[in-house]
Amino acid sequence: MLEYMPDYYDGVQEMIALLKAEGVGFDKVAAETNRVLLNTFVDQADSDGLAIMENQLHIDTDLSLSLESRRYAIKMRMLPPHPITFKYLKDLIKSFNIPAEVQRDVQKQILTTISDYDELTREQLDRLKYLLNVYVPANMVLDIQTHAETSTAIKLTILTGMTTYVQTSIPAKTNWGGSSNINVVMAPVIAGTTVETTIQAKEGD
């Protein structure tokens, strides 16, 4: 507040002390006023502001979710009416920062999303499920897939009469089932053998 003080108060210690004492209260009021303004915008709102919006949109407030996830849920409810096309759906998924490739089979009425296992988070998966359930026609089958690929180099000793069995497993993020396809290439008397494993995890509602 001192920068707004008239010039004739320069050097007046009583006025300077008074403005400093009152400045604490005025700064708090200014901060609260600014926060009320920011809470009218989804991207700038804090937890209290988001809770008000969630109440207005009849969304259950879940404080265990991150602010970003709560913002996305509010934005999805506030989307304006729009013709639902395949291009619009792909653009919508991209705009909500969901790493998923969208494919469709018109003959079989199947819509498939493919994501990298390490890139798709649980919160992004929840956003994807909501979007698909809201925008995809009820007569289409939804198929959400995550793919992970890994290659492992191991040393095997091949002896007559021995059989080598390799099994690979991954921890599931959700209640997905996992399948593992293992191709082992072996040649006689070779110390180093490469085992390439392709892991596919799939979740279907």
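The values are calculated or read from the model by the stated rules, or taken from the named source; none is laboratory data. Everything numeric in this text was worked out from a predicted model, so none of it was measured. No Cβ is skipped: glycine too gets one built from the backbone with ideal geometry, and neighbour counts run over all protein chains shown. In case anyone asks, the SASA skips ligands and DNA or RNA and just uses the protein heavy atoms, side chains included. Shrake-Rupley method; radii C 1.70, N 1.55, O 1.52, S 1.80 Å.
Touching a residue at least 12 places away in the same chain (Cβ under 8 Å) and either surrounded by 13 or more Cβ atoms within 10 Å (Cβ to Cβ) or closer than 21 Å to Glu123 by Cβ (or both): does that describe Leu18? Against the criterion (touching a residue at least 12 places away in the same chain (Cβ under 8 Å) and either surrounded by 13 or more Cβ atoms within 10 Å (Cβ to Cβ) or closer than 21 Å to Glu123 by Cβ (or both)), Leu18 does not qualify.
Against the test of being touching a Ser or Thr at 6+ places or on another chain (Cβ under 7 Å) and either more than 20 Å from Tyr130 (Cα to Cα) or not hydrophobic (A, V, I, L, M, F, W, C) (or both), the options Ser47, Ser115, Ser69 yield a single qualifying residue, Ser115. Within region 1-40, the set of residues being under 30 Å from Arg71 (Cβ atoms) and hydrophobic (A, V, I, L, M, F, W, C) comprises Val29, Ala30, Ala31, Val36, Leu37, Leu38. Residues that are within 21 Å of Gln145 (Cβ to Cβ), among the aliphatic types (A, V, I, L, M) and open to solvent by 60 Å² or more (accessible area, probe 1.4 Å): does region 88-107 have at least one? The answer is yes; a qualifying residue exists.
Conditions (1) hydrophobic (A, V, I, L, M, F, W, C); (2) modelled with pLDDT of 90 or more, marked per residue:
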position: Pro81; (1), (2): no, no
position: Phe96; (1), (2): yes, no
position: Ala100; (1), (2): yes, yes
position: Thr112; (1), (2): no, yes
position: Ser151; (1), (2): no, no
position: Ile154; (1), (2): yes, no
position: Thr168; (1), (2): no, no
position: Asn175; (1), (2): no, no
